[in-house]
Amino acid sequence: KRPNMVVHPTKRYQSGTLANALLYYFKETNQDCIVRLVSRLDMDTSGLIIIAKNQYAHMELSKDIQQNQIEKRYLALVHGHMDKMEGTIDKPIYRPEIEGNMKRVVDERGKRSITHYKVVERLNDADLVECLLETGRTHQIRVHLSEIGYPVIGDEVYSNGKNQWNIKGQCLHAKSLKFKHPVTKKEMFIEAELPKYFKDIIEQMRQRGTGL
């Protein structure tokens, strides 16, 4: 999925969604399928999503996700240099019951949420971080990284509106998936290339040095 694309139609976004595109693709390729989402991504997050093409595959893959049998890795570019090169964030995430509110917070009333992270490259005033999800809460990586003081660059919701790069989207990308095929049980590994704007920002930061 590219950034700035909603996965499923809502009242606000009724067209131009990933689901709309899939229905068109199935029709054009004469496939009698409906859109069965196994995983989702935020509107401004790019990368890989799992779509099941039949009910059996959806049931099997959904069960694997619930049992943490699907490995989901993300790349995030965060503000600042993290104090630890790797670690685990184990903090509950909660959605306050406020009408129209989509923002999540770390709160004991929420569900347990676990994100493992590792700095893969130290850049100018930023770190490129790989995140491995153990749970899959809405906005999990964005909430967790912001909570420990390193919000995702371009994330205007969890970084107090800071977006000095003026990018449309955020530097968060679902880069790889590892899972067992629901029918053959063969291990599948899929990777998605970073979007151009994400790669451009990394390259500009590399040219500036580490900032240390």
message: Anything in the stretch 1-17 that is open to solvent by 90 Å² or more (accessible area, probe 1.4 Å) and touching a residue at least 40 places away in the same chain (Cβ under 8 Å)? List them, or say none.
response: ARG2
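Looking at VAL105, VAL143, VAL120 in this structure, which one is hydrophobic (A, V, I, L, M, F, W, C) and in contact with a Lys or Arg (Cβ under 6 Å, 6 or more places away or on another chain)? If you could, list the steps in order and put the result at the bottom.
Working: VAL105 fails: in contact with a Lys or Arg (Cβ under 6 Å, 6 or more places away or on another chain); VAL120 fails: in contact with a Lys or Arg (Cβ under 6 Å, 6 or more places away or on another chain).
When all the criteria are applied, what remains is VAL143.
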task: Check whether at least one residue in the stretch 18-25 is within 20 Å of the chain's Cα centre (by Cα), over 20 Å from THR135 (Cα atoms), open to solvent by 50 Å² or more (accessible area, probe 1.4 Å) and of a type in the set (Ser, Thr, Tyr), and report yes or no.
output: no
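Take the stretch 69-89 and flag every residue that is outside any loop (DSSP other than H, G, I, E, B) and open to solvent by less than 70 Å² (accessible area, probe 1.4 Å). Can you show your working first?
First, pick out the residues of the stretch 69-89 that are outside any loop (DSSP other than H, G, I, E, B): 71-79, 86-89.
Selection gives GLU71, LYS72, ARG73, TYR74, LEU75, ALA76, LEU77, VAL78, HIS79, GLY87, ILE89.
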- line: Counting only residues in the stretch 48-68 that are under 18 Å from THR184 (Cβ atoms) and touching a helix residue (DSSP H, G or I) at 6+ places or on another chain (Cβ under 8 Å), the one most open to solvent (accessible area, probe 1.4 Å) is identified as ILE51
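Among the candidates LYS91, LYS118, which residue alone is under 18 Å from the mean Cα position of the chain (by Cα), farther than 24 Å from ILE49 by Cα and among the basic types (Lys, Arg)?
Values: LYS118 fails: farther than 24 Å from ILE49 by Cα.
Among LYS91, LYS118, only LYS91 is under 18 Å from the mean Cα position of the chain (by Cα), farther than 24 Å from ILE49 by Cα and among the basic types (Lys, Arg).
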- line: When the stretch 123-147 is checked residue by residue, the ones that are surrounded by fewer than 18 Cβ atoms within 10 Å (Cβ to Cβ) and touching a His at 6+ places or on another chain (Cβ under 6 Å) are LEU132
- line: Of the conditions (1) modelled with pLDDT of 95 or more; (2) under 16 Å from the mean Cα position of the chain (by Cα); (3) open to solvent by 80 Å² or more (accessible area, probe 1.4 Å); (4) not basic (Lys, Arg), the single one that GLU156 does not satisfy is (1)
query: Within the stretch 99-120, how many residues are open to solvent by less than 50 Å² (accessible area, probe 1.4 Å) and out of contact with any Pro (no Cβ under 7 Å at 6 or more places or on another chain)?
result: 6
task: Check ASP32 against each of (1) within 24 Å of PHE198 (Cβ to Cβ); (2) open to solvent by 60 Å² or more (accessible area, probe 1.4 Å) and name the one condition it does not meet.
output: (1)
task: Would you please name the residue that is modelled with the lowest pLDDT, looking only at residues in the stretch 192-212 that are under 17 Å from PRO3 (Cβ atoms) and touching a Lys or Arg at 6+ places or on another chain (Cβ under 9 Å)?
output: TYR197
statement: When LEU41 is run through (1) open to solvent by 40 Å² or more (accessible area, probe 1.4 Å); (2) assigned to a loop (DSSP other than H, G, I, E, B), the failure sits at (1)
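The values are calculated or read from the model by the stated rules, or taken from the named source; none is laboratory data. Every value quoted in this text rests on a predicted model; they were computed, and no experiment measured them. All Cβ positions, even for glycine, are placed from backbone atoms using ideal geometry, and neighbour counts span all protein chains on display. Heavy atoms of the whole protein, side chains included, go into the accessibility calculation; ligands, DNA and RNA do not. Shrake-Rupley method; radii C 1.70, N 1.55, O 1.52, S 1.80 Å.
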